[in-house]
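Below is one structure, written out as structure tokens; comments come after it.
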Amino acid sequence: MDFTLNEQQRALQDSARRFARNELAALARTVEETSVPVPHAWLKRYAELGFLGVNTGEAHGGLGLPLLDALLVMEEFAKVSVGVAFPVFECCTGPVRIVESLGEPALRDRVVPRVVAGDMLVAISMSEPDAGTALTDLSTRARLEGSEIVIDGAKRWCSGAGHSEGYVVFCRFDGVPGAKGIGAVFVERDTPGLSFGAQEALMGFRGVPSADMHFDNVRVPREHLLVGPGGFASLMGLFNIERLGNATMALGVAAGALDQVTAYVQERRQFGKPIVDFQAVQIRLAEMALKVEAARLMIHRAAANAGTGLPISREAAMAKCFANEMTREVTGAALQLMGGYGYAREYGMEQRFRDSWGWGIAGGAIDIQKVNIAADLAGRRFDQRR
């Protein structure tokens, strides 16, 4: 068992760190102030440096590296801000992994290289007004008609809605109830019958678009079928990659907060000396560092065990759950240590605090992860409906 990054991983991490720190600070401020996502020109810059295809196969223009390598890059971007890191999250751990793994060859060959090149973003469309945590209750309908798939229904809380060029849409096929009827279809943004609601105004996640999606007799080629009815388990297996991406974004927010507050307490003086000289501050810093490093180790273990394959469900759930709770605690403690400066928008800590809360809601709520962990420990699923 080796916890040391290899030379290639350290070089990739250093490259991502330098780029994020030296070039993205001004962009992060613009994204936060305007809520406008990372512009296309910046996506091309990300792509030129290989950051959008770290763990995409070489056949599709990626670097073909393990998942862990992609997470190393993502953490460095998320230390700067969620907004500038979100394209890396979507491209390296988002639904493009479903397209790459399960899509027809023609669809894969058309979509995945465009993502790696920074010409396309793919979002996931799962939740509905009455199906979030209870995902198997989703009612968006899909039916096969000759050479086409026809989709009707509505989706909610889709990160990337209206901005991303493609969507992996979870649907219920032929009215089959429960998980057995759920599959997924790839839908492009300009498909007739697809429309978007107004952009949501969220507590955090500025620069991460979120809106309702409406499907009114949306027709796509049959080749856009990713998973038919009965393939729900394969979809959720791939979703464990996104859970580790979620955990890493939470880690990056917390790690960035720790870096910022560590510098602050060495500069801020009270009672004639830097406040880091006070034991209470030292203890708080140590507690924060312990939590950040524990989350990092859990994420890296799950990613290392996955290699270029899929994470183990329980390891992904544990990493996400711990990182989601940890980031809220660490950013809250950092804000308190900075006092008025932490509460002021100018210094960015309150942004980290707001962003920290979103990750424990997105991608499967914290308590649901705990239920999943308990089910794995007990060796059986718990029926929440009885």
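Some notes on this structure:
- Considering only the chain, percent of DSSP beta bridges that pair antiparallel, nearest 5: 85
- Ordering 343, 46 by accessible surface, largest first, gives 343, 46; the 1.4 Å probe counts only protein heavy atoms, with every chain in place.
- Taking the 1.4 Å solvent-accessible surface of region 156-214 as the whole, the part contributed by carbon and sulfur is 54%.
- Think of a 1.4 Å ball rolled over the protein heavy atoms: region 281-361 then has 46 Å² of accessible area per residue.
- Ratio Rg/Rh, restricted to region 73-183 and using Cα atoms, in which Rh is the Kirkwood radius: 1.01
- Qualifying chymotrypsin sites (Phe, Trp or Tyr not before Pro) in region 204-290, DSSP loop, other Cβ atoms within 10 Å at most 12: 271
- Enclosed volume per residue, in Å³, of the convex hull spanned by Cα atoms of the chain: 144
- Annotation: per residue accessible area for region 1-120 equals 41 Å², rounded to a whole number [probe 1.4 Å, protein chains only].
- Cα-Cα separations in region 130-278 greater than 28 Å, expressed as whole percent: 36
- Counting only protein heavy atoms and a probe of 1.4 Å, the accessible surface of region 245-346 is 54% carbon and sulfur.
- Angle in degrees between helix 366-378 and the longest Cα principal axis of the chain, rounded to the nearest 10: 70
- Stokes-Einstein, applied to the Kirkwood radius of region 2-126 over Cα pairs at a viscosity of 1.306 mPa s and 10 °C, places its translational diffusion at 108 µm² s⁻¹.
- Computed over protein heavy atoms with a 1.4 Å probe, the carbon and sulfur contribution to the accessible area of region 106-153 reaches 47%.
- Here, P(r) means the percent of Cα pairs in each 10 Å bin from 0 to the largest distance; for region 248-337 it is 17, 41, 24, 12, 4, 1.
The values are calculated or read from the model by the stated rules, or taken from the named source; none is laboratory data. What you see is a predicted model; the values in this text were computed from it and never measured. Glycine also receives a Cβ, built like all others from the backbone with ideal geometry; neighbour counts cover every protein chain displayed. The area values use the complete protein model at the heavy-atom level, side chains included, leaving out ligands, DNA and RNA. Shrake-Rupley method; radii C 1.70, N 1.55, O 1.52, S 1.80 Å.
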